[in-house]
Amino acid sequence: MKPHTDILVIDDEQVILDAVTKICTSEGYRVVTSLDAESAVPLLDQQSFGVILCDVMMPGMDGFSFLKIALGKAPETPVIMATGFSTVENAVQSLTVGATDYIPKPFTFDELKSAIQRAVRFRRIREEQSRIVSGTMDDGTLVVPCPPKYRRLGHSSWVCLQNDGTALVGVTHLFVRTIEQPTGVETVNPDGEIIQGTVCAQIQTFDGLLHPVLSPISGRVVDVNSELKTFPAIIEKDPYFAGWLYRAIPTDVEYELARLQPCGSDPLT
Amino acid sequence: MIRRIGVRLILVVGITAIVIIGIIAFFNIRALNASLSAEVERHANQLTETVKHSTRLDMLRNERERIQETISAIGMQSGIGEVRVLNKEGKVMFSSVATDVGTVLPKEVANCRACHASTPPLQHLAIDQRTRLLQPAEGTDRYLAVINPIYNETSCSSADCHVHPADVKVLGVLDVTMPLHEVDRQIRDRVLEMLLFAAGAFVALSLIISFFVQRWVARPVAELVKGTQQVADGNLSYHISREGNDELGHLGRSFNNMTAKLSEARMQLFQSDKLASLGRLAAGVAHEINNPLTGVLTYSSFLLKRTQHQPELQEDLKVIVRETIRSREIVKSLLDFARQTVPKKTEALINDIIDRATTVVSNQLTIRHVELVKKIDPQLPPVTVDANQIQQVFVNLIVNAIDAMPQEGGRITIGSSMLKLSPQGTAHVKKAACSKRHALIDPAVKINGLSSIRVKVRAGDEEGILHLDPLYGRHQHMTSIPLSAGQEMAVQCPECGVSLMDTQVRCPKCAAATFWIEVAGQGKWESCSRFGCDWQRWESVERDGVREYAEITVSDTGCGISREELPKIFEPFFSTKGQKGTGLGLSVIWGIVDNHNGTITVESEPKKGTTFRIRLPLQQPR
């Protein structure tokens with residue numbers, strides 16, 4: 001299934017392009033590279049890419065401008081943003097503008113591999129979804145969108161404010177579907193702190209990869225779902241209720257919620 | 001010249017004094033004049049009576065020679081001008097001035113007018129009408145002229161000499177003039193005296209005023225002017241030494257207070273500026289280093305995958321990958337420091353971390369001939385910490401200690417122990433808010449290194465900002481308005497003005513009203529509103545009771561830190577190592593320890609050594 005996936009990689013450093021090319025080729029993808037965003041724009045018209053990996057901080061056109069152009073020209077192509085200047089703002093902005101994923105540099109082989117894998121699956125699931133909607137496929141693999149009163153960070157995590165002032169945090173069904181077969185969840189300890197836009201949990205999958213979950217809010221963790229240890233697949237079975245990850249006391253609710261998107265704004269999440 | 005306060009004061013006081021002296025002198029001289037004149041008048045009247053009586057018998061006997069002789073003798077006396085006797089026609093019958101005898105005075109002469117101004121002439125003259133003040137010409141001596149009428153008597157008309165007709169009432173007058181130059185001289189003397197006195201008083205007042213103005217006004221003002229110039233030139237540590245209790249003393253104190261505040265504000269500004277540039281630096285460094293690190297990490301992890309069947313390569317590549325990931329974490333922590341994020345805490349044994357830290361620096365210890373002594377408590381329970389960060393703290397402290405050692409080496413002692421401390425004096429408020437959720441923590445004003453709690457207070461007519469000491473149970477508050485002990489304050493949120501007073505709870509110590517603030521996740525922090533009362537209650541930390549801490553001390557026998565430098569050592573970019581250091585070490589350490597809800601303190605004696613004391617709570621607060 002992989003050989004037909006072309007990946008467009010944009011970074012202003014040749015060494016990174018080379019390294020990413022090596023990793024992706026070894027995984028069976030075809031890679032097209034560009035040293036700047038301006039010259040990458042016409043490539044979008046020439047061919048369809050399976051995944052785009054784009055640096056945020058580049059001379060000339062920056063990653064966010066390119067992301068907007070790419071979303072206009074090829075809305076079906078998932079874009080992964082990568083940056084060496086990994087701030088919370090960059091992460092949150094990338095995901096709210098429309099990137100499917102965000103990986104901070106430097107990354108390892110496995111981190112890149114898992115991100116690209118999730119993006120490829122993301123694209124496939126979305127295509128399937130549109131076929132289900134149009135009736136050309138049965139709905140056996142339908143993605144469950146998150147409930148309307150939840151808010152989400154990109155397509156990966158959700159937060160739901162509770163009446164007691166705490167907030168529940170979890171992963172979206174779409175995210176679980178992109179990682180496939182979770183076998184374990186690494187969480188922070190109760191009393192630990194989670195920060196919006198940074199990794200708050202890692203989900204281990206059958207293939208040995210670790211998939212980072214970016215936290216939708218910042219706060220102090222008061223409780224971790226104990227069922228994750230005994231039955232990790234709960235996040236796939238019931239991602240929005242029984243499969244929650246954390247109960248946390250948010251530190252800056254209003255500001256952070258404003259940066260998230262409401263659930264139901266996308267048919268998938 | 002006239003604009004100077006001293007001169008103006010001298011003029012005002014001097015003129016006032018002169019006016020007062022002038023008024024006193026006027027009345028004084030008038031009284032003197034009156035009393036002296038009265039004395040002369042009395043004397044003159046007495047004299048005329050004496051002349052009348054002493055010549056009476058001679059008159060009756062008509063012994064003109066003797067009368068003339070008597071009058072001449074009287075006229076010789078000092079203080080008497082002319083004595084003469086005139087008959088009804090104005091002819092001088094007798095006179096002390098011999099040449100006058102026989103002359104006839106016209107009736108218009110001042111002496112005669114008293115009676116002859118009216119027709120018929122008065123026949124009787126009251127005592128007070130007998131005297132006249134005469135001044136022949138301007139600038140000459142004044143005279144007092146006394147006329148005493150000589151009345152007809154029975155013995156006169158019946159005398160056998162030359163009988164005066166019995167029906168004539170007045171036979172003639174006795175006219176005596178007395179010069180007043182003695183009186184005038186006394187008055188002139190008195191006037192002169194008064195003038196001299198006024199001039200003397202003016203000079204004396206001027207001297208006294210200028211002396212005290214110089215002492216009380218000019219010198220303090222000059223010092224204040226010098227101080228303001230120094231401040232204008234940027235010397236904010238200028239201190240005015242003269243602090244009296246007068247207004248200028250208050251001004252001086254207020255000036256000192258202002259410069260201290262300014263200096264503090266400048267420090268804070270400087271500090272936040274440094275932190276801001278540190279943040280920019282960290283961000284820049286992160287971006288610049290992360291790109292090359294991406295190359296290393298991707299290639300090495302790629303190679304690791306490619307060489308899965310070559311175990312001899314695998315081991316080495318794993319080291320590269322591991323160390324690159326470590327570099328990534330270091331860069332991230334640099335960003336984290338700029339962002340002040342939280343550490344990744346797990347349960348770890350402090351003693352293990354100390355061992356790892358000492359292994360890292362073991363080479364340096366050998367090279368610099370430094371002996372390392374460990375005095376650890378093997379029973380120390382695990383602590384919830386970010387082991388990497390805490391290791392970094394220990395490594396930095398040991399490296400600092402090594403750098404402080406003299407050439408011939410020295411000794412570093414690392415100790416670990418457990419201690420129990422009550423929340424008073426250890427717990428501190430990190431996040432506080434009013435009931436409307438306005439943040440009250442003010443990082444711009446620090447009290448012993450901790451960001452203070454900023455509230456608005458009103459006491460009496462004064463309103464101002466109070467910076468509360470965030471350390472529970474310590475009371476080093478700072479206030480912008482003068483508050484005296486025992487004064488009750490009304491406490492408000494400085495943002496929205498909502499009252500922080502608690503109407504339900506009274507202070508159990510002094511029954512004054514109390515106020516409270518909300519500490520994020522740690523309940524209410526209550527305090528007495530009476531300034532100076534030390535009642536505070538923080539139930540959520542009190543509930544935990546006495547808490548256990550792991551205490552780690554790092555002592556060295558190095559060069560020590562001077563008293564001036566000691567308060568600055570935890571500031572970013574403060575370095576005693578010159579080009580060798582970045583000045584970030586201790587500020588990073590402080591940030592890490594603070595993020596672990598711990599405290600770090602330092603004691604040092606120059607040339608003897610330094611001890612850093614870190615206390616980490618065994619349980620993180622809930």
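The values are calculated or read from the model by the stated rules, or taken from the named source; none is laboratory data. Bear in mind the structure is a predicted one, so any value in this text is a computation, not a measurement. Glycine also receives a Cβ, built like all others from the backbone with ideal geometry; neighbour counts cover every protein chain displayed. Accessible surface is based on the protein model in full, side chains and every heavy atom, while ligands, DNA and RNA are left aside. Shrake-Rupley method; radii C 1.70, N 1.55, O 1.52, S 1.80 Å.
Here are some notes:
- Filter result for B:Ser301 (within 14 Å of chain A (Cβ to nearest Cβ), out of contact with any His (no Cβ under 8 Å at 6 or more places or on another chain) and in a helix (DSSP H, G or I)): yes
- Selection within region B:351-381 - open to solvent by 30 Å² or more (accessible area, probe 1.4 Å), over 17 Å from B:Thr553 (Cα atoms) and not charged (D, E, K, R): B:Thr359, B:Val360, B:Ser362, B:Asn363, B:Gln364, B:Thr366, B:Ile367, B:His369
- Every residue from region B:61-83 that is in contact (Cβ under 8 Å) with a residue 40 or more places away in the chain and touching a helix residue (DSSP H, G or I) at 6+ places or on another chain (Cβ under 6 Å): B:Val83
- Total residues in region B:92-116, condition in a loop (DSSP other than H, G, I, E, B) and farther than 23 Å from B:Ser37 by Cβ: 8
- Near pairs, Cβ below 8 angstrom, 6+ apart or cross-chain, from region B:451-473 (among the basic types (Lys, Arg)) to any residue that is not in a strand (DSSP E or B): B:Arg454/B:Leu440; B:Arg454/B:Pro494; B:Lys456/B:Cys493; B:Lys456/B:Pro494; B:Lys456/B:Gly497; B:Arg458/B:Met489
- Flag for B:Gln229 being without any contact (Cβ under 8 Å) to a residue 12 or more places away in the chain, over 30 Å from B:Val109 (Cβ atoms) and either polar (S, T, N, Q) or open to solvent by less than 90 Å² (accessible area, probe 1.4 Å) (or both): yes
- Where strands (runs of 3 or more DSSP E) fall wholly inside region B:487-539, the ranges with 1 or more residues that are surrounded by 15 or more Cβ atoms within 10 Å (Cβ to Cβ) and within 14 Å of another protein chain (Cβ to nearest Cβ) are B:513-519.
- When region B:72-86 is filtered for residues that are open to solvent by 40 Å² or more (accessible area, probe 1.4 Å) and assigned to a loop (DSSP other than H, G, I, E, B), the ones remaining, listed by number, are B:Gln77, B:Ser78, B:Gly79.
- Selection of region B:222-239 for residues being aliphatic (A, V, I, L, M) and at pLDDT 85 or above yields B:Ala222, B:Leu224, B:Val225, B:Val231, B:Ala232.
- Residues (open to solvent by 10 Å² or more (accessible area, probe 1.4 Å) and within 14 Å of chain B (Cβ to nearest Cβ)) located in region A:1-28: A:Asp12, A:Glu13, A:Gln14, A:Val15, A:Asp18, A:Thr21, A:Lys22, A:Thr25, A:Ser26, A:Glu27, A:Gly28
- Single residue of A:Leu228, A:Leu168, A:Leu214, A:Leu153 found to be under 26 Å from A:Ala115 (Cα atoms), open to solvent by less than 70 Å² (accessible area, probe 1.4 Å) and either without any contact (Cβ under 8 Å) to a residue 24 or more places away in the chain or touching a helix residue (DSSP H, G or I) at 6+ places or on another chain (Cβ under 6 Å) (or both): A:Leu153
- Number of the exception - A:Leu214 against (1) at pLDDT below 90; (2) more than 14 Å from every other protein chain (Cβ to nearest Cβ); (3) within 24 Å of B:Thr384 (Cα to Cα): (1)
- Hey, A:Pro106 free of Cβ contacts under 8 Å to residues at least 60 places away in the same chain, open to solvent by less than 10 Å² (accessible area, probe 1.4 Å), more than 17 Å from B:Glu288 (Cα to Cα) and out of contact with any Cys (no Cβ under 8 Å at 6 or more places or on another chain) or not: no
- In this structure, A:Tyr240 does satisfy being farther than 25 Å from A:Lys113 by Cα and open to solvent by less than 30 Å² (accessible area, probe 1.4 Å).
- Out of B:Glu69, B:Glu89, sole residue that is part of a loop (DSSP other than H, G, I, E, B), open to solvent by 30 Å² or more (accessible area, probe 1.4 Å) and of a type in the set (Asp, Glu): B:Glu89
- Condition check for B:Pro482: part of a loop (DSSP other than H, G, I, E, B) and either open to solvent by 70 Å² or more (accessible area, probe 1.4 Å) or acidic (Asp, Glu) (or both): yes
- Every test in (1) modelled with pLDDT under 75; (2) under 16 Å from B:Ile412 (Cα atoms) is passed by B:Ser604 save one, and that test is (1).
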